[in-house]
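Trainee: A single structure is presented below for examination.
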Amino acid sequence: MTRPVLTMEGISKEFPGVKALADVDFELYPGEVHALMGENGAGKSTLMKILSGVYPPTGGTIRLKGTEAVFGSPLDAQRQGVSIIHQEFNLFTNLSAAENIFIDRPEMAGRFGRIKWSRMVEEAQALVDSIGGGDIDVREEVRHLGVHSQQVVEIAKALSFRADVLIMDEPSAALPENEVKKMFEVIRRLRSQGVAIVYVSHRMKEIFEIADKVTVLRDGRKVATQPIGEVTEQSLIQMMVGKEVQQLYPVRKQPYGKEVVLKVKDLSLDASHKISFELRKGEIVGLFGIPGSGSHTVAERLFGLKRGTGEIEINGRPVKITSPSDAKAKKLAYVPPDRHRQGIIKPMSIRQNISFTMLPELSKGLVLDRNAIQRVSAEYMGKLRIKAPDDSQTVDFLSGGNQQKVVIGKWLAAHPDILILEEPTRGVDVGAKAEIYSIIHELAREGLSILLISSEMPEVIGLSDRVLVMYQGDIVHEFAHGEADQEQLLQRASHPRGKGGAL
Ligand SMILES: Nc1ncnc2c1ncn2[C@@H]1O[C@H](COP(=O)(O)OP(=O)(O)OP(=O)(O)O)[C@@H](O)[C@H]1O
Ligand SMILES: [Mg+2]
């Protein structure tokens, strides 16, 4: 049997007040894709940050090809053959791809501090080509590249030293489905070159498609490592959550009302595309489209982030929404897909973030009602299973998924009339997913109207009363509840004039 390229033994990590990891063993073999799974806050990112030299462990040892290794910094780890790609891209968008790949590298500096430009371009291009990015011109500024190409640059950067181990922390979170396929091709290529790849993800489907082995963490401890052929989705969930998760999609108990709460007529998405639709009281309408279909623009237009023409009526009255504060005043709320950049105030506590949008309601005159604030914050912290010592914890120190839950909690707690949810469960673990779905249903039952924009087909199908399908800036089909399956949905979303013709 081959020897492991890397071994972690008895790793523990303590942060003030938090034991993030306890006595974790982890082994990696050359040429394997090793999935790392666990609920939000289980310790996945922390383990990978220790492995890549971001933090020292509180205890335990790391062995690289049999000899003990200490990684003083990410650069140090990279030099020794371990590279990490973090959840968020770390690229300078106004520099070229080549500069990003070889940033700060002394061997690329010539005399008088001048960069050896042609050598850098040549080597960067070779690297990008070797992982299947032949259509990328590395002289191009990163901001002109598509999201997959940016990721290829990110991977090339990680591989710019010879990497034995490549860690990818939720690499697919920012990628649409078709781009995930391309990323898998890159991963398979690296695997065949003998690189050991750690793949951190919450997406079951991906794990079964790409991984050879899976390790599950729960509450900072290792539950098990198993070959992918020996686990099922159900057994993985059980290992992660520690118990059976009941039904993921709740059964809709009550039909929605008749009143039209939101009426959109000829809302322009760009110069040549306009859409119209209605949302009733307590109704959940799914909006599904492949990337570029315009579904994201619908949210931006409704929430006043982008201007254009068209009519919007709320509760029968024509309204003008030209800014997010207009939208908020009209009782609209929007959970954006990119929650790291929008919607969260990282230096503030969980409690402050959750109660932020409802401070007016939680005040008695000019005085804040601290008990009410605490109640609301505790309620959503519990419902969304936000993992932290308590709600005074600064959001900055939460795990990625728990930060997302805070943003969702904040908007759910705001009790709007119309809620636009875009990718509400991206990066969120299965247990919390079930909770979020049941909260969505509860809110709809209370009369909240929800526009659900999501690229996860099971989610759109499982939650929506109706599904609108978008293709290239138009609504091309409407499915009633229970009418759509994944195949039909995808067909409509990619071929507007399939069976039955356009709507
Ligand atoms: N810098 C930090 N300071 C304090 N606590 C931290 C810090 N980084 C992580 N933690 C805590 O350590 C625990 C593990 O977090 P980690 O980021 O490793 O989780 P994760 O498994 O990656 O979760 P997710 O799926 O949400 O990304 C969490 O309770 C988190 O709040
Ligand atoms: Mg993480």
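The values are calculated or read from the model by the stated rules, or taken from the named source; none is laboratory data. Given the structure is predicted, the values throughout are model-derived calculations rather than measurements. Here Cβ is always computed from backbone atoms with ideal geometry, including for glycine, and neighbour counts include all displayed protein chains. Surface accessibility is based on the protein's heavy atoms, side chains included, excluding ligands, DNA and RNA. Shrake-Rupley method; radii C 1.70, N 1.55, O 1.52, S 1.80 Å.
Trainee: When you check D429 against the structure, is it touching an Asp or Glu at 6+ places or on another chain (Cβ under 6 Å) and either open to solvent by 20 Å² or more (accessible area, probe 1.4 Å) or within 15 Å of ligand 2 (Cβ to nearest atom) (or both), yes or no? Quick ask: steps written out before the conclusion?
Mentor: Details: touching an Asp or Glu at 6+ places or on another chain (Cβ under 6 Å): yes; either open to solvent by 20 Å² or more (accessible area, probe 1.4 Å) or within 15 Å of ligand 2 (Cβ to nearest atom) (or both): yes.
For D429, the condition - touching an Asp or Glu at 6+ places or on another chain (Cβ under 6 Å) and either open to solvent by 20 Å² or more (accessible area, probe 1.4 Å) or within 15 Å of ligand 2 (Cβ to nearest atom) (or both) - is met.
Trainee: Under 6 Å between Cβ atoms, which residue pairs at least 6 apart in sequence (or on different chains) link something in region 229-241 that is surrounded by fewer than 16 Cβ atoms within 10 Å (Cβ to Cβ) with a partner that is at pLDDT below 90 and outside any loop (DSSP other than H, G, I, E, B)?
Mentor: E233/M204
Trainee: Here are the criteria: (1) within 16 Å of F161 (Cα to Cα); (2) surrounded by 14 or more Cβ atoms within 10 Å (Cβ to Cβ); (3) more than 16 Å from ligand 2 (Cβ to nearest atom). Tell me which single one G132 does not satisfy.
Mentor: Here G132 clears every test but (1).
Yes/no per residue for (1) more than 30 Å from E233 (Cβ to Cβ); (2) crowded, with 18+ Cβ neighbours inside 10 Å; (3) not hydrophobic (A, V, I, L, M, F, W, C):
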{"site": "D23", "(1), (2), (3)": "no, no, yes"}
{"site": "G31", "(1), (2), (3)": "no, no, yes"}
{"site": "G38", "(1), (2), (3)": "no, yes, yes"}
{"site": "K44", "(1), (2), (3)": "no, yes, yes"}
{"site": "G53", "(1), (2), (3)": "yes, yes, yes"}
{"site": "P74", "(1), (2), (3)": "yes, no, yes"}
{"site": "N90", "(1), (2), (3)": "yes, no, yes"}
{"site": "L95", "(1), (2), (3)": "yes, no, no"}
{"site": "M108", "(1), (2), (3)": "yes, yes, no"}
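Trainee: Have a look at I103, I62 and point out the one that is assigned to a loop (DSSP other than H, G, I, E, B), of a type in the set (A, V, I, L, M, F, W, C) and at negative phi. Spell out how you get there, then give the answer.
Mentor: Working: I62 fails: assigned to a loop (DSSP other than H, G, I, E, B).
So the residue among I103, I62 that is assigned to a loop (DSSP other than H, G, I, E, B), of a type in the set (A, V, I, L, M, F, W, C) and at negative phi is I103.
Trainee: Looking at region 370-390 only, could you name the residues that are surrounded by 22 or more Cβ atoms within 10 Å (Cβ to Cβ) and within 16 Å of ligand 1 (Cβ to nearest atom)?
Mentor: M381, L384, I386
Trainee: Taking G431, is it in contact with a Gly (Cβ under 8 Å, 6 or more places away or on another chain) and touching a residue at least 24 places away in the same chain (Cβ under 8 Å)? Show your work before the answer.
Mentor: On the way: in contact with a Gly (Cβ under 8 Å, 6 or more places away or on another chain): no; touching a residue at least 24 places away in the same chain (Cβ under 8 Å): yes.
No.
Trainee: On to the next question. Evaluate the following for G310: is it open to solvent by 60 Å² or more (accessible area, probe 1.4 Å) and among the small types (G, A, S)?
Mentor: Working: open to solvent by 60 Å² or more (accessible area, probe 1.4 Å): no; among the small types (G, A, S): yes.
The answer is no for G310.
Trainee: Which ones in region 391-422 are modelled with pLDDT under 90, within 13 Å of ligand 1 (Cβ to nearest atom) and surrounded by fewer than 21 Cβ atoms within 10 Å (Cβ to Cβ)?
Mentor: Once the filter is applied, which keeps residues that are modelled with pLDDT under 90, within 13 Å of ligand 1 (Cβ to nearest atom) and surrounded by fewer than 21 Cβ atoms within 10 Å (Cβ to Cβ), region 391-422 yields D396, F397.
Residue by residue, here is whether (1) more than 16 Å from ligand 1 (Cβ to nearest atom); (2) outside any strand (DSSP E or B) holds:
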position	(1), (2)
I11	no, no
D23	no, no
P30	yes, yes
K49	no, yes
Y55	no, yes
E68	yes, no
F71	yes, yes
D76	yes, yes
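Trainee: So L64 ticks every box in (1) open to solvent by 40 Å² or more (accessible area, probe 1.4 Å); (2) over 20 Å from the mean Cα position of the chain (by Cα) but one. Which box is left unticked?
Mentor: Only one criterion is unmet by L64, namely (1).
Trainee: Working only within region 174-203, note down all residues that are within 16 Å of ligand 2 (Cβ to nearest atom) and either over 20 Å from the mean Cα position of the chain (by Cα) or at pLDDT 85 or above (or both). Write out each step before concluding.
Mentor: Taking region 174-203 as the starting set, the residues that turn out to be within 16 Å of ligand 2 (Cβ to nearest atom) are 174, 198-203.
Listed by number, the residues that qualify are V198, Y199, V200, S201, H202, R203.
Trainee: Something else: Take A329 and tell me if it is closer than 30 Å to E39 by Cβ and small (G, A, S).
Mentor: Answer is no for this residue.
Trainee: Taking the conditions exactly as written (touching an Asp or Glu at 6+ places or on another chain (Cβ under 7 Å) and over 28 Å from L305 (Cα atoms)), does H481 satisfy them or not? Working first, answer last.
Mentor: Working: touching an Asp or Glu at 6+ places or on another chain (Cβ under 7 Å): yes; over 28 Å from L305 (Cα atoms): yes.
Yes: the conditions hold for H481.
Trainee: Can I ask one more? Quick one: I461 ticks every box in (1) open to solvent by 20 Å² or more (accessible area, probe 1.4 Å); (2) of a type in the set (A, V, I, L, M, F, W, C); (3) in contact with a Leu (Cβ under 6 Å, 6 or more places away or on another chain) bar one, so which box is it?
Mentor: Here I461 meets the rest and fails (3).
Trainee: Here's a follow-up. Suppose we filter S464, S438 for residues that are at pLDDT below 90, farther than 27 Å from S45 by Cα and among the small types (G, A, S); which single one remains? Quick ask: steps written out before the conclusion?
Mentor: Working: S464 fails: at pLDDT below 90.
Result: S438 is the single residue among S464, S438 that is at pLDDT below 90, farther than 27 Å from S45 by Cα and among the small types (G, A, S).
Trainee: Provide a single number: the residues in region 425-458 that are of a type in the set (D, E, K, R), within 14 Å of I386 (Cβ to Cβ) and in a loop (DSSP other than H, G, I, E, B).
Mentor: Residues flagged as of a type in the set (D, E, K, R), within 14 Å of I386 (Cβ to Cβ) and in a loop (DSSP other than H, G, I, E, B) within region 425-458 amount to 1.
Trainee: Are any residues in region 448-487 free of Cβ contacts under 8 Å to residues at least 24 places away in the same chain and of a type in the set (F, W, Y), and if so, which ones?
Mentor: F479
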